[in-house]
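The values are calculated or read from the model by the stated rules, or taken from the named source; none is laboratory data. What you see is a predicted model, and the numbers here were worked out from it, not measured in a lab. Here the Cβ positions follow ideal geometry from the backbone for every residue, glycine too, while neighbour counts run over all protein chains shown. SASA here: full protein model, heavy atoms, side chains in, ligands and nucleic acids out. Shrake-Rupley method; radii C 1.70, N 1.55, O 1.52, S 1.80 Å.
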Amino acid sequence: MEFPLPTITPVEPKKESPKYIRLSAASAMALRLQSGRFAREFEFGGINLLLNYDNGCLSDCAYCGLARTRPGDYEDKSFIRVDWPLYETDLVIDRMAQYEDKLTRLCISMVTHGSAYKDTYEITEKITRSLKTPLSLLVAPPTLNRERLQALKDLGTDMIGVGLDAITEKTFFDTRTNVPQGGLKWENYWDIINYSREIYGPWKVNIHTVVGLGETDRELVDMFYSLKEKQILAYLFCFNPEPDSRMASFPKSKITRWRRVQLVKHLIEEYHLDRRNIRFDEEGNITGLKDPTSGINKVLKSLDGGVPFMTNGCPGESGEPGCTRPYGSYRPSDSYRDFPFLPATDDLTLIRQELELEKLLT
Ligand code: SF4
């Protein structure tokens with residue numbers, strides 16, 4: 001006797017890492033996987049990759065586009081306010097090899113997920129086997145430990161980035177620990193930062209720091225001095241509310257505050273600005289620079305050609321800006337919060353007004 005076979009609808013294979021990977025829209029354009037143009041022409045060679053899982057990132061940070069309880073499918077969620085289309089990893093690696101002479105820096109962003117380490121390892125191995133462009137990993141500390149950081153270095157990873165984002169223990173707790181599916185731990189982040197510094201060496205570790213999550217300028221300044229002391233890089237981001245995230249209605253920092261933080265950070269890092277020369281008000285806002293040295297006065301006059309206002313990111317092979325993440329801190333229709341190129345003369349005129357430079361010096 002014959003039994004009719006039941007009709008089985010084939011299950012669509014999951015498009016997850018390591019077989020699949022997401023790519024920032026700008027990176028997809030640079031690799032000719034997507035059409036589009038930037039509002040202004042500039043060289044773009046930093047490729048940002050992001051792990052992809054059906055159940056997404058298991059953390060739930062209040063400000064993040066990928067947060068677990070933010071509505072929507074993970075695949076459709078934006079991250080740092082830009083879209084991240086999904087491709088087969090092998091196709092992306094082939095394209096990167098094809099355009100390698102134009103590339104300056106590659107980066108894989110992990111997410112908090114049980115498979116993230118294993119998949120990052122596999123993709124890193126494939127990339128370092130096929131390409132010489134320096135590779136950074138923007139890591140998810142809960143998935144790592146000292147041995148894993150060492151294993152990733154042994155594969156050829158050049159730099160480690162840690163998205164600390166919230167730069168005080170309190171703002172970290174409020175936005176990343178004490179949230180519905182939160183639980184990220186300040187201590188765990190610092191363990192991974194310290195292990196990375198030991199394993200990767202001076203100026204090979206960077207911390208992503210966000211302006212506008214509830215910290216003061218004074219706390220930011222303290223963090224810049226402390227990281228400089230440890231020979232760890234601080235990369236600045238401007239909080240940019242993601243629609244539907246829990247901080248969607250939280251205001252972005254005022255432009256004057258943002259420009260002053262950019263400028264002071266640059267003066268600390270590049271011109272050894274003495275902390276006693278920075279004036280704060282009672283709330284901890286930067287209000288002035290007193291008795292600047294003649295060197296610093298010169299920088300203030302020229303705004304150092306606009307360098308303080310460029311995007312902070314991992315360098316290319318010869319130290320040039322390598323990762324410039326266009327639109328990470330602003331919308332394509334907004335003026336540039338950080339510039340993926342040297343600001344032009346008109347931009348500098350505007351920046352001078354935004355800084356309220358005269359007030360800063362009186
Ligand atoms: S600056 Fe760019 S390359 Fe460096 S860790 Fe951050 S995202 Fe990655």
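For the stretch 42-56, taking the residues that are free of Cβ contacts under 8 Å to residues at least 60 places away in the same chain and farther than 24 Å from Pro134 by Cα, the one that is least open to solvent (accessible area, probe 1.4 Å) is identified as Gly56. If you filter the stretch 150-176 down to residues that are within 19 Å of the chain's Cα centre (by Cα) and farther than 16 Å from Cys61 by Cα, you find that the one that is nearest to the ligand (Cβ to nearest atom) is Gly161. Among the residues here, Asp119 qualifies as over 19 Å from Tyr189 (Cα atoms) and open to solvent by less than 20 Å² (accessible area, probe 1.4 Å).
Out of all the residues in the stretch 241-254, is one or more under 16 Å from the mean Cα position of the chain (by Cα) and more than 19 Å from Pro142 (Cβ to Cβ)? Within the stretch 241-254 (the criterion being under 16 Å from the mean Cα position of the chain (by Cα) and more than 19 Å from Pro142 (Cβ to Cβ)), the answer is yes, since at least one residue qualifies. Looking only at the stretch 1-35, how many residues end up being under 26 Å from Met110 (Cβ atoms), modelled with pLDDT of 75 or more and of a type outside the set (Lys, Arg)? Residues that pass the stated criteria total 16. Among residues of the stretch 153-172 that are farther than 29 Å from Glu317 by Cα, those with a beta-carbon under 9 Å from a residue that is within 12 Å of the ligand (Cβ to nearest atom) and among the charged types (D, E, K, R) at least six positions away or on a different chain give the pairs Thr171/Asp165; Phe172/Asp165. A count restricted to the stretch 46-80 and to residues that are closer than 26 Å to Asp94 by Cβ and at pLDDT 90 or above stands at 8. Annotation note: of Ser109, Ser136, Ser130, the sole residue that is more than 13 Å from the ligand (Cβ to nearest atom) and either open to solvent by less than 10 Å² (accessible area, probe 1.4 Å) or polar (S, T, N, Q) (or both) is Ser130. Of the residues in the stretch 90-100, not one is hydrophobic (A, V, I, L, M, F, W, C), free of Cβ contacts under 8 Å to residues at least 60 places away in the same chain and within 25 Å of Asn312 (Cβ to Cβ).
Could you tell me whether any residue of the stretch 312-331 is within 16 Å of the ligand (Cβ to nearest atom), crowded, with 16+ Cβ neighbours inside 10 Å and hydrophobic (A, V, I, L, M, F, W, C)? The answer is yes; a qualifying residue exists.
Would it be correct to say that Arg337 is within 30 Å of Asp291 (Cβ to Cβ), in contact (Cβ under 8 Å) with a residue 24 or more places away in the chain, open to solvent by 20 Å² or more (accessible area, probe 1.4 Å) and outside any loop (DSSP other than H, G, I, E, B)? It is false that Arg337 is within 30 Å of Asp291 (Cβ to Cβ), in contact (Cβ under 8 Å) with a residue 24 or more places away in the chain, open to solvent by 20 Å² or more (accessible area, probe 1.4 Å) and outside any loop (DSSP other than H, G, I, E, B). Taking the stretch 211-295 and the strands (runs of 3 or more DSSP E) fully enclosed by it, the elements with 1 or more residues that are surrounded by 14 or more Cβ atoms within 10 Å (Cβ to Cβ) and among the small types (Gly, Ala, Ser) are at 233-238, 286-289.
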